[in-house]
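Note sheet for the following structure.
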């Protein structure tokens, strides 16, 4: 009888919005888990032109199967966020153009439809050259 009362209390706390309704080892079934860290971040990394737009992709999964949106930090003070897509799907065609030559650390993180957030990905280092593919000199970071 006591276990039944604990289950009812945990369900009531969950309905009332408590995020810590773990009573007697019982965790509500609808507790959200954040997406896993982004496992794929790909795109062009060398000999980019300043002002030209390049596309980047990211993907991860959410343990609860929630839809995911991605926030890209482009390393130049700008960021962009995608629409929500299904867990595990690849977010494609995420464009960005850097204004100045330099080396930029691009990173991304995922947020699920219940506001659970992953850690930032490892950075993808992007080199924007003064003259694109014809610039073989060393460019100092911006």
Exposure proxy order (Cβ contacts within 10 Å, fewest to most) of 108, 126: 126, 108
Viscosity 0.692 mPa s, temperature 37 °C: what is the translational diffusion coefficient of region 59-102 from Stokes-Einstein with a Kirkwood Rh over Cα pairs, rounded to a whole number of µm²/s? 278
Can you give the Rg to Rh ratio for region 40-133, taking only C-alpha atoms and Rh from Kirkwood? 1.01
With a point put 7 Å past each Cα toward its Cβ, work out how far residue 131 is from residue 55 in nm, to one decimal. 2.9
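Taken together, the values in this text are just the output of simple stated rules run on the coordinates, not laboratory data. Because the structure is a prediction, the values reported are computed rather than measured. Reconstructed Cβ throughout: ideal geometry from the backbone, glycine too, with neighbour counts over all protein chains shown.
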